[in-house]
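The values are calculated or read from the model by the stated rules, or taken from the named source; none is laboratory data. Bear in mind the structure is a predicted one, so any value in this text is a computation, not a measurement. Quick reminder, even Gly has a Cβ in these numbers, built from the backbone with ideal geometry, and neighbours come from all protein chains shown.
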Amino acid sequence: MNDARAKHVAIIMDGNGRWAKRRALPRAMGHRKGVEAVRELVRNVEPLGLECLTLYAFSSENWKRPDEEVDDLMALMRRFIKSDLPEFVSNDVRLIIIGDWQGLAPDIVEMLEDALERTAEGSRTLAVALNYGSQDEIARAAAQAAAQSNGAGKVTADSIAAHLDTADLPPLDLLIRTSGEVRLSNFLLWQAAYAEMLFVDTLWPDFTPDHLRAALEDFANRERRYGGR
């Protein structure tokens, strides 16, 4: 049975480009509007009772996009960190980064390291997936689990889970994808094994705390059996 309250919600933030296209705007405007949606959600993590909100911000596959779009996304990331970090600190938000974020530009890595250090004592967690791919995460975790077994060859689900990027986060309760697409796109494949899923038509820039609140209410009415009856 469901314990009625989701503690950890993850969101695949999809639809920025389509939001802009419907308004005859450059894709960059959709991404900027999407950042505003992120900002509003983060401000409502505490009122919604969440312990952790995980956002799929930039996948390892996103490098395939046009250079101009990637450059704009990186510039947005820089501005977001600079402008919102003080608010994270004052609102007791702990920032966690999952994925191969050390592979980003050196100045972004430096900014992220500073942000992680300054928010380390926060009581509510915002986890951001940057340069992230779930298959790569699982492969890295399995290799680390095997190495830790010292040649014994005993790799278990628990030993892999202990080496995932999300090892210090609460179990995933609910995974949401916006924009009407119905796929996981290489996001939290291991963690979503028993998570509830919700696919909504709303484009990400239009997704508000009220949409998240409705999703949490939907979650509370679901029955979770974990393979049982």
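It is to be established whether one or more residues within region 89-96 are within 23 Å of Arg39 (Cβ to Cβ), charged (D, E, K, R) and within 17 Å of the chain's Cα centre (by Cα).
Among the residues of region 89-96, at least one is within 23 Å of Arg39 (Cβ to Cβ), charged (D, E, K, R) and within 17 Å of the chain's Cα centre (by Cα), which makes the answer yes.
If the requirement is being under 23 Å from Val42 (Cα atoms) and either modelled with pLDDT under 95 or acidic (Asp, Glu) (or both), which of these qualifies: Glu223, Glu217?
Only one candidate passes the filter, namely Glu217.
Take the residues of region 80-89 that are closer than 16 Å to Ile108 by Cβ and in contact with a Lys or Arg (Cβ under 7 Å, 6 or more places away or on another chain): which is surrounded by the most Cβ atoms within 10 Å (Cβ to Cβ)?
We begin by selecting, within region 80-89, every residue closer than 16 Å to Ile108 by Cβ; these are 80-85.
The next check asks that each one be in contact with a Lys or Arg (Cβ under 7 Å, 6 or more places away or on another chain); those that pass are 84-85.
Numbers: Asp84: 20, Leu85: 17.
Step by step, filter region 80-89, then rank; the result is Asp84.
For the condition farther than 20 Å from Ile97 by Cβ, crowded, with 16+ Cβ neighbours inside 10 Å, among the hydroxyl-bearing types (Ser, Thr, Tyr) and within 14 Å of the chain's Cα centre (by Cα), what is the one hit in Thr166, Thr178? If you could, list the steps in order and put the result at the bottom.
Details: Thr166 fails: farther than 20 Å from Ile97 by Cβ.
Unique residue meeting the criteria: Thr178.
Output the residue which, of all residues in region 43-79 that are surrounded by 19 or more Cβ atoms within 10 Å (Cβ to Cβ) and among the aromatic types (Phe, Trp, Tyr), is farthest from the chain's Cα centre (by Cα).
Per the stated criteria, the residue is Phe58.
Arg183 - would you say it is in a loop (DSSP other than H, G, I, E, B) and under 19 Å from the mean Cα position of the chain (by Cα)?
yes
I want to confirm something. Restricting to region 193-229 and keeping residues that are free of Cβ contacts under 8 Å to residues at least 24 places away in the same chain and part of a helix (DSSP H, G or I), which single residue is surrounded by the most Cβ atoms within 10 Å (Cβ to Cβ)?
Once the filter is applied, the top-ranked residue is His211.
Give me the pairs: first residue in region 134-145 and more than 15 Å from Ala162 (Cβ to Cβ), second residue surrounded by 15 or more Cβ atoms within 10 Å (Cβ to Cβ) and among the charged types (D, E, K, R), beta-carbon distance under 9 Å, and six or more apart or on different chains, which are they?
Hits for this filter: Asp136/Asp100.
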